[in-house]
Amino acid sequence: MQPLLTRRDELIAQLAKGQTYDIAIVGGGATGLGVALDAAARGFRVVLVESHDFAKGTSSRATKLVHGGVRYLAQGNISLVREALHERTTLLHNAPHLAQPLPFIMPSYQWWETPFYGIGLKMYDALAGRAGLGHTEFLNREQTLRGLPTARTQGLRGGVKYWDGQFNDARLALALARSAASRGALLLNYCRAADLLHAQGKVTGLLCEDTVTGQQYPIHAACVVNAAGVWVDELRQKDGAAHGGDGRRPTRPMVAPSQGVHIVVDREFLGGDVALMVPKTADGRVLFAVPWLGKVILGTTDTPREDLAREPLPFKEEVDFILNESARYLQKAPTRADVKSVWVGLRPLVKPQDDDGDGTKGISREHTVRVSRSGLVTVTGGKWTTYRAMAEDVLERCAERNLLEKRPKGVTTQLKLIGADIDAARIRSICLPPGLHSYGDEQEWVAGLPGAQTPLCDGLSEAMVRFAARHEYAVTVEDVLARRSRLLFLDAQLAGSLAQRVGDILRQETGLDPHTEDFEALARHYLHLPQ
Ligand SMILES: Cc1cc2nc3c(=O)[nH]c(=O)nc-3n(C[C@H](O)[C@H](O)[C@H](O)COP(=O)(O)OP(=O)(O)OC[C@H]3O[C@@H](n4cnc5c(N)ncnc54)[C@H](O)[C@@H]3O)c2cc1C
């Protein structure tokens, strides 16, 4: 299928028509995009606005695991794990070019670790049932080193191998956006929901601002979904102020953000295509070393934060923690000089409270859907892996509250995402450096654009930048180098050095300011390690 064009002036012209939508969604991360696709696939008229770029928030900063959550199993949260395992299979099936199985090994240095964690992981297998990706295996020392050739050998007894998945989060977000657009949804990046529209105490839409031009547009919709991640409270408070202007108490925040840091180093630190999992670090956390797009991701942390910075900086203790823990498990300890990129994501943890109407906690899940008195539907929490099930929950709640017509769910279970219509033989591992294969069945379209033979660096051609501008909503250098290509996350210095060339191509394509200098500053930010 020919890729849709994403010319900004045409998208804005469509928005300016002032059509009334069935559902308007705020936030173009995993959650909002999942809702947009499900709603569009059920035939609703859908609009989604994203204040920055799709997946600019938490959804490009995951550890890249499509997982059931071994941790939740340890907490006894069986239904959550079972659902996530089920969703894992669905995602791997619907986007095989972007989400794939990955083996993990937990190396054991104590005699009890292999049986203790092995039994837990056998339960993980049992819960997965037919959705399992491979059997958990008990490994001896030699087998462990075959999978993890760079694991510390001193005191190594063996290990446990199990299976989960990994994915390219920002490109998956784009695939969701474009799949929704191909079903008639209107999606706009760089459009901020500045306010809500109310009539007779009910939310009737929103006022959005094109942040490129400053122009404002009202959007009228029967149902408004606030999927703004850690930023959901901004709209909730506006909603509360609008319908609670009679002196009622202000809307209390729902989200308590917690940040997670990832450090990227060269592939040699891990050696193979197997991830290393440390189930319990010195201070009781989980640590991963994941092979991803030709590099290794080390992380993550879990540190409460007060502010909601768009580009939070890591704390010194977090960087120290990741490097020190990695050093305990790897033969060659990565140092600060080895860091290619460091990035921080904010988890939208939901506070255990209910202060606005008939809120309910997400049914047996870690995400929460709340509907305010005025009918504003807020969804946050959860994880990338379960975005599809979350979207179904949201639409269920909207129907229960008569905000949307009830239409059967399950329409996205077998829905192949853009790029997924590709023979298994042509699919390349996500462990490998990025390249044309990242585009799945759209490779020929990219290869047919001007500049296909002009590489900017390994895995990124001039044609890919043009494709990003023409078909993937890219406006700025950051959109291209952070989320269409993942270079900022893999090698921030190299990404910074390409900013001018990418900016020139983008300007030719879109006529808009690609914010080249802003990106150069951001690339320095992704190399900054607090001392
Ligand atoms: C460190 C870390 C590691 C993780 N690892 C994994 C993992 O390996 N696997 C997994 O399954 N999950 C993982 N997760 C969880 C997962 O990444 C999140 O659950 C998911 O990305 C949240 O998506 P979201 O759409 O709710 O939020 P976001 O991605 O933050 O999206 C919200 C969007 O709303 C936009 N927005 C905000 N205000 C407005 C406004 N006024 N108008 C318009 N738009 C607005 C923002 O710009 C943002 O793009 C991880 C999370 C963290 C923090």
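Start at zero, step by 5 Å, and the Cα-Cα distances of the range 1-60 spread as 4, 17, 21, 26, 24, 7, 1 percent across the bins.
All Cα-Cα separations within the range 325-479 were binned at 10 Å from zero, giving a P(r) of 8, 22, 23, 27, 17, 3, each value a whole percent of the pairs. Remark: the range 199-246 is approximated by an ellipsoid whose semi-axes, taken from the C-alpha gyration tensor as √(5λ), come to 20, 15, 11 Å, largest first. One equal scatterer on each Cα of the range 365-452, no solvent, Debye formula: the resulting log10 I(q)/I(0) at q = 0.13, 0.15, 0.21 Å⁻¹ is -0.67, -0.76, -1.00. Alpha-carbon geometry of the chain: the Rg and the Dmax are 22.6, 71 Å, given in that order. Considering the range 32-90, its Cα convex hull presents a mean projected area of 5.4 nm². Of LEU5, PRO352, PRO312, whose Cα points farthest to the positive end of the dipole of the chain (charges on the beta-carbon: +1 Lys, Arg; -1 Asp, Glu; origin at the Cα centre)? With unit charges placed on the Cβ atoms, the residue in question is PRO352. Simple spin-label estimate for ALA13 and LYS351 gives 4.6 nm between the two label positions (7 Å along the Cα-to-Cβ direction from each Cα).
Here, the range 62-221 yields an orientationally averaged convex hull projection of 14.3 nm² when only Cα atoms define the hull. Taking the inverse of the mean 1/r over every pair of distinct Cα atoms in the range 421-531 gives a Kirkwood hydrodynamic radius of 14.3 Å. For the range 104-157, the fraction of C-alpha pairs farther apart than 17 angstrom is 39 percent. Applying D = kT/(6 pi eta Rh) to the range 245-357, where Rh is the Kirkwood radius over alpha-carbon pairs, T corresponds to 10 °C and eta to 1.306 mPa s, the Stokes-Einstein value obtained is 100 µm²/s. What the range 61-157 shows is 46 Å² of accessible area per residue, with the surface traced by a 1.4 Å probe over protein heavy atoms.
Residues whose amide H lies under 5 Å from that of TYR21, counting only those 5 or more places away or on a different chain, are HIS220, ALA221, ALA222; hydrogens are built 1.01 Å from N in the peptide plane.
Along its three principal directions, the equivalent ellipsoid of the range 59-141 from the Cα gyration tensor extends over semi-axes of 23, 15, 13 Å, largest first. With R₀ set to 30 Å, the beta-carbon distance separating ALA199 from ARG252 gives a calculated FRET efficiency near 0.75.
As a size descriptor, the averaged projected area of the C-alpha convex hull of the range 196-302 was calculated at 11.7 nm².
Only helices enter this figure: runs of n ≥ 4 DSSP H residues, each worth -39500 (n - 2.57), summed and divided by the residues of the chain, yield -9500 deg cm²/dmol at 222 nm to the nearest 500.
The values are calculated or read from the model by the stated rules, or taken from the named source; none is laboratory data. Bear in mind that the values here come from a model prediction, so they are computed numbers and not experimental data. Cβ atoms come from the backbone with ideal geometry, glycine included; neighbour counts cover every protein chain shown. These area figures cover heavy atoms from the full protein model, side chains too; ligands, DNA and RNA do not enter into them. Shrake-Rupley method; radii C 1.70, N 1.55, O 1.52, S 1.80 Å.
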